[in-house]
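I have placed the structure first, in the form of structure tokens, so that the comments after it can refer back to it.
The values are calculated or read from the model by the stated rules, or taken from the named source; none is laboratory data. Because the structure is predicted, anything quoted here is derived from the model rather than measured. Cβ: placed from backbone, ideal geometry, glycine included. Neighbour counts: every protein chain shown.
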Amino acid sequence: MPHASPLAGKRILLILAGGIAVYKSLDLIRRLRERGAQVRPIMTEGAQAFVTPLAVGALAADKVFTELFSREDEQDVGHIRLARGCDLVLIAPATANLLAKMAQGLADDLASTVLLATDRPVLAAPAMNPHMWAHPATRRNVARMVEDGIRFVGPGRGEMAERGEAGEGRMVEVLEIVAAAEALVTGTAPSAPQPLKGRKAVVTSGPTHEPIDPVRYIANRSSGKQGHAIAAALARLGAEVTLVSGPVTIPDPAGVRVVHVEQARDMLAAVEAALPADLAVFVAAVADWRVADAAHGKIKKTPGEAPPPLQLTENPDILRTIGHHGQRPRLVVGFAAETDDLLANARLKLARKGADMIVANDVSPETGVMGGARNSVTLVTDAGAEAWPEMDKDEVAHRLAERLAKLLAE
């Protein structure tokens, strides 16, 4: 009932930024007022492109503020009154643009100026395209804002307004935002479930580079996108994650300890140094062979002569080593990147390597998996095989992390 809500009598300054999710904010206003809250809206120019101030003001039963340099409102420094005359500042939707302004302390419109001037608790409900949410700039901005004391609810996962787009970035449902606001005004911070809290995880990612000479090397075609996404997903579920990464061009995921290596032997040493752990996920595309004696100087090409032979030797098998290790983690997961006989090869790998699960994926050139943004995987265990539909690599990571958390709990 409205009178029983912690929001009863509370003054909420609701900032609406420009995104398609702003249509949910109309229902949010209604739900907040049902619980006895007074809602005073601020709309950015972008928000007004999606819904009208007339509709927002009618639902809020209050004036809608839109202009920083309003002759009427700024006669008594209106933006300071807005910033201080509330119990909670709620941003829904919080777009990538507004988050960037907040993180950098910009104040070029009414919403960003009020956010810089307020000394009240701030709760943000992000809403944006999954690639924008996953972008390193957004991750840095969010991390900075968390350090500054800003609280977040969401974003959620699912289909986006853009056709064919899905992943993490949707503004969470209205009642979840209301619950987070209630938790914040009562002094309990909203937080996502963290089933892996207190667990340690090791993840490998990217390729290894095995030198031929100082300028040439043997490597596999791996971008590190899937491994990095899995490390980030495990960290979001509360795990203390060590990511051992080969040479990649993508940024380190937030909230993860990263060890950068070049060669397979260095990767194995870094993994062993990270033990003991509860969970290990080996995603890296480790070069199977290295040159037995890499040249100290550049090997020169001589006209008319055959290229020098390369004597190869086998690299250590990291998955098999840890699968039979004296400090073997409780759960060991390997990846099988195959172009032929996907399931047969994955089952052989499961048996030989001492793993609990093999995540098999087809990396034939026509799939575009190597270096691409999407993946289609099959989970292979002693109990059988489970094929997942093609999805974004971040979504694969999220689902796999949740599955592994459940297995550890069992």
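Quick one: which residue in ALA21, ALA37 is at pLDDT below 95, buried (at least 22 other Cβ atoms within 10 Å of the Cβ) and closer than 20 Å to GLY85 by Cα?
ALA37
Which members of the stretch 106-130 meet the condition of being part of a helix (DSSP H, G or I) and surrounded by 17 or more Cβ atoms within 10 Å (Cβ to Cβ)?
LEU110, ALA111, SER112, THR113, VAL114, LEU115, PRO130
Could you check the stretch 223-279 and list, in sequence order, the residues that are assigned to a helix (DSSP H, G or I) and of a type in the set (Asp, Glu)?
Across the stretch 223-279, the qualifying residues are ASP266, GLU272.
For the stretch 149-168, which residues satisfy the criterion of being under 13 Å from the mean Cα position of the chain (by Cα) and at pLDDT below 85?
Across the stretch 149-168, the qualifying residues are GLY154, GLY156, ARG157, GLY167, GLU168.
Determine, yes or no, whether ALA337 is in contact (Cβ under 8 Å) with a residue 40 or more places away in the chain and not in a helix (DSSP H, G or I).
yes
Can you report the number of residues in the stretch 383-394 which are over 17 Å from ASP362 (Cα atoms) and outside any strand (DSSP E or B)?
Number of matching residues: 2.
Being touching a residue at least 12 places away in the same chain (Cβ under 8 Å), assigned to a loop (DSSP other than H, G, I, E, B) and closer than 30 Å to ALA233 by Cα is the requirement here; does ARG328 meet it?
yes
Can you confirm whether VAL146 is modelled with pLDDT under 90, part of a helix (DSSP H, G or I) and not aromatic (Phe, Trp, Tyr)?
Yes: the conditions hold for VAL146.
Failed condition for LYS300, given (1) touching a strand residue (DSSP E or B) at 6+ places or on another chain (Cβ under 7 Å); (2) within 21 Å of ILE212 (Cβ to Cβ); (3) charged (D, E, K, R), with all others met?
The single condition LYS300 does not satisfy is (1).
Only one residue in ALA111, ALA107, ALA83 is more than 18 Å from GLU168 (Cα to Cα), small (Gly, Ala, Ser) and without any contact (Cβ under 8 Å) to a residue 12 or more places away in the chain. Which one?
ALA107 is the lone residue from the list that is more than 18 Å from GLU168 (Cα to Cα), small (Gly, Ala, Ser) and without any contact (Cβ under 8 Å) to a residue 12 or more places away in the chain.
Looking at the stretch 366-383, can you tell me whether even one residue there is surrounded by fewer than 22 Cβ atoms within 10 Å (Cβ to Cβ), touching a helix residue (DSSP H, G or I) at 6+ places or on another chain (Cβ under 9 Å) and on the phi > 0 side of the Ramachandran plot?
Yes, the stretch 366-383 has at least one match.
Taking helices (runs of 4 or more DSSP H) that do not extend beyond the stretch 1-71, which have at least 3 residues that are in contact (Cβ under 8 Å) with a residue 60 or more places away in the chain?
Here the list reads 22-34.
Which of the residues belonging to the stretch 298-323 are exposed (fewer than 12 other Cβ atoms within 10 Å of the Cβ) and either in a loop (DSSP other than H, G, I, E, B) or among the small types (Gly, Ala, Ser) (or both)?
Residues satisfying the conditions are LYS298, LYS300, LYS301, THR302, PRO303, GLY304, GLU305, ALA306, PRO307, PRO309, GLN311.
In the stretch 132-148, which residue that is loosely packed, with under 15 Cβ neighbours inside 10 Å and under 14 Å from the mean Cα position of the chain (by Cα) is nearest to PRO253 (Cα to Cα)?
Restricting to residues being loosely packed, with under 15 Cβ neighbours inside 10 Å and under 14 Å from the mean Cα position of the chain (by Cα), the top hit is PRO136.
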